[in-house]
Each structure stands twice: as C-alpha cells, then as structure tokens.
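Have a look at the structure below before the remarks.
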Amino acid sequence: MNTILRKSILGIAGLAFTGGVFAGPVAAHAADTTHAAKPAAVSVQGDKLIPHGVQGDQSRIDLNDEQTANVKAIIAATKKAGMDERAAVVSIATALQESKLENLGHLGDRNDHDSQGLFQQRPSSGWGTVEQITDPEYSTLAFLKGLKQVDGWQDMPLTKAAQTVQVSAYPDHYAQWEQQAADLVAEHWNK
C-alpha cells in the first residue's frame, strides 16, 4: 500500500465510528423523504456513469434548492480537479449517504465527533479546518484527492471506491445512492 494512501486511511480511521454514529440522525432526518427505487435500466449512462450497474435497492430523495446547489458545486469541483463524470457520481453518492447533500455544521449531541460538511469530514483527522470542510468546493476536492489515491477506483463498484476514502462503519450504504447520483450528474454535468 502506498504511503500516502496508508496515511490517509490511518488519518481518517475515526470516520468509521463517526459514520455509524452519524448515520442514525441523518437517516432519521431523511426518513420521510427517502424512498426505495428499483434499480433502473441504464442505457446511455451505463458505460460512463454506472459502469458496473447498480448494487441492490436504490434510494432517492427529493432535493431542495440548497441540495441542488451542492450537487452543482460537487460537479464544478470535480471538473476543476480534472476528473470525469464517474468521479462526480462517486462524490455525489458519497455526499448523499453522508449528509443527504446538506452542508452540515456541528450537530451538537447528534455528533459525538467533529464530522461536518457534505462528506462528514473531520478537522481532527486532517481533512481541513471547519471553515474548509464546510466549503463545498474544498470538501469535494479533499474527497477527490483521496479518491485519486485509490488504485483502480474507476474499475471498482462505487461503494468500494467511496468506502476506501471514507472508511465508514457501513461500507455498503453508498451503493443505494448510485442511480440518483448518476441521474444528477447526467442532468447537471453540461450546464
């Protein structure tokens, strides 16, 4: 394992516990707007956005203006990083799981660590300052920097690529957002 990847994994190992603890409040918050969707057949999107097909039942939430703005910020940061649509799909699916695309500040008693922002990154784990990780562009670029360090991420199922960066206690939960993330990238990539 390369040194940078190892340091990144060790540096964010605390996210494993945080992801599990934090998933409860976020899941509860979104429970009334989340609904399962059957995996959709993907034609044009298949090769680029969902190269492996979706894994399992898919979830979908209705987005408000703030969440849509965060989707657009993730896409813009992905382009700035020189990465493709697949990287944007992985990023958006990760943010859907971690925060439902809400740029969350500290949640008091509902956080037992210092996770914040779209990707629930932690200042104490080296992701950046609170101001940085609650900036959608910065937090996306930080996530993508981690993704770039994952050898072969383009050929992995989305949930494995996201998990390698995030080190969540619930590694398979990213998969449920792949279809909605791909739909959002298809809708907003060329705008």
- request: Please verify whether segment 105-114 includes one or more residues that are over 20 Å from Glu187 (Cα atoms), in contact with a strand residue (DSSP E or B) (Cβ under 8 Å, 6 or more places away or on another chain) and open to solvent by 40 Å² or more (accessible area, probe 1.4 Å).
  value: yes
message: Restricting to segment 46-78, and then to whatever is charged (D, E, K, R) and touching a helix residue (DSSP H, G or I) at 6+ places or on another chain (Cβ under 8 Å), can you tell me which residue is nearest to Phe119 (Cα to Cα)?
response: Lys72
- prompt: Only one of (1) under 18 Å from Lys48 (Cα atoms); (2) charged (D, E, K, R); (3) at pLDDT 95 or above; (4) open to solvent by 40 Å² or more (accessible area, probe 1.4 Å) fails for Asp155. Which number is that?
  reply: (3)
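Of the residues Asp65, Asp84, Asp47, Asp57, which single one is open to solvent by 90 Å² or more (accessible area, probe 1.4 Å) and at pLDDT 95 or above?
Numbers: Asp84 fails: open to solvent by 90 Å² or more (accessible area, probe 1.4 Å); Asp47 fails: at pLDDT 95 or above; Asp57 fails: at pLDDT 95 or above.
Of the residues listed, the single one that is open to solvent by 90 Å² or more (accessible area, probe 1.4 Å) and at pLDDT 95 or above is Asp65.
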- prompt: If we scan segment 129-148, do we find a residue that is modelled with pLDDT under 95, buried (at least 23 other Cβ atoms within 10 Å of the Cβ) and part of a helix (DSSP H, G or I)?
  reply: yes
message: If Ser168 satisfies all but one of (1) closer than 15 Å to Thr94 by Cβ; (2) assigned to a helix (DSSP H, G or I), what's the number of the condition it fails?
response: (2)
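The values are calculated or read from the model by the stated rules, or taken from the named source; none is laboratory data. Keep in mind the model is a prediction, meaning the values are calculated, not measured. Methodologically, a virtual Cβ is constructed for each residue, glycine included, from the backbone with ideal geometry; neighbour enumeration extends over all protein chains shown. For the accessible areas, the whole protein counts, side chains as well, though only heavy atoms, and no ligand, DNA or RNA atoms are used. Shrake-Rupley method; radii C 1.70, N 1.55, O 1.52, S 1.80 Å.
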